[in-house]
1. May I ask you to verify whether Arg132 is under 16 Å from the mean Cα position of the chain (by Cα), open to solvent by 70 Å² or more (accessible area, probe 1.4 Å) and free of Cβ contacts under 8 Å to residues at least 60 places away in the same chain?
2. So which of Ala51, Ala38 is modelled with pLDDT of 95 or more and closer than 15 Å to Leu93 by Cα?
3. Of the numbered conditions (1) in contact (Cβ under 8 Å) with a residue 40 or more places away in the chain; (2) touching a Lys or Arg at 6+ places or on another chain (Cβ under 6 Å), Val137 fails exactly one; give the number of that condition.
4. Which of the residues spanning region 26-75 are under 17 Å from Val8 (Cα atoms) and aromatic (Phe, Trp, Tyr)?
5. I need the full set of residues from region 115-136 which are modelled with pLDDT of 95 or more, assigned to a helix (DSSP H, G or I) and aliphatic (A, V, I, L, M), in order please.
6. Surrounded by fewer than 21 Cβ atoms within 10 Å (Cβ to Cβ) and either at pLDDT 90 or above or not acidic (Asp, Glu) (or both): does that describe Gly71?
7. Out of all the residues in region 139-160, is one or more part of a loop (DSSP other than H, G, I, E, B), among the small types (Gly, Ala, Ser) and modelled with pLDDT under 95?
8. Tally time: how many residues in region 86-114 are small (Gly, Ala, Ser), under 15 Å from Met75 (Cβ atoms) and modelled with pLDDT of 70 or more?
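The values are calculated or read from the model by the stated rules, or taken from the named source; none is laboratory data. All values derive from a computational prediction rather than experimental measurement. Don't worry about glycine lacking a Cβ; one is built from the backbone with ideal geometry, like all the others, and counts go over all protein chains shown. With ligands, DNA and RNA removed, areas are computed over all heavy atoms of the protein, side chains included. Shrake-Rupley method; radii C 1.70, N 1.55, O 1.52, S 1.80 Å.
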Amino acid sequence: MLDRRDLVRQLLIDRGDLLVVTGLGSATYDVAAAGDHALNFYLWGAMGGTAMIGLGLALARPDRRVAVVTGDGDMLMGIGSLATIGVKAPKNLSIIVLDNAHYGETGMQPSHTQAGIDLVAMARACRFRTARAISRVEEVADARALLHTGEGPIFVSARIEPQDAARVLPLRDGHAIKQRFVAALSSSA
């Protein structure tokens, strides 16, 4: 299994103008720990909606690469989004699921992935161009390459240790996050 904080840091090194949408909780803390950036769109209360927000952004800005970084709980809650993404087939969208097989924000109860539900198989069934699971350090470089240069839609389920890393809290004001993101997106167009 992978260390989630190290994985996210490696994925976002030299990110350039990558647009990053994060699911609530651990994914947001991990992306913020990798370095706060004006092109990070942190979600604080949209459980299950992260992939759809990423899809909307990818469709609105086909000239930009969009990465969704979220957890297994958020992805499971928004599982229907995989079908919509598969139908729309945005070439610039990647989804990275940090799968610790637990609902980390509500007390570490086992998630459905611990019971064998296969998110990668679901993404494949929904016609993602690439869908794979990673769990070893040796696989991270390929996942990073997919995120930054692969043709989407791309789905990577990263099996991570069920750990409780220190929270790195970025900006929490939703309006301010949106304003900062829009300004950064406009200036980097």
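1. yes
2. It is Ala51.
3. The single condition Val137 does not satisfy is (2).
4. Tyr29, Phe41, Tyr42, listed by residue number.
5. Listed by number, the residues that qualify are Leu119, Val120, Ala121, Met122, Ala123, Ala125.
6. It is false that Gly71 is surrounded by fewer than 21 Cβ atoms within 10 Å (Cβ to Cβ) and either at pLDDT 90 or above or not acidic (Asp, Glu) (or both).
7. Within region 139-160, none of the residues are part of a loop (DSSP other than H, G, I, E, B), among the small types (Gly, Ala, Ser) and modelled with pLDDT under 95.
8. Of the residues in that region, 3 qualify.
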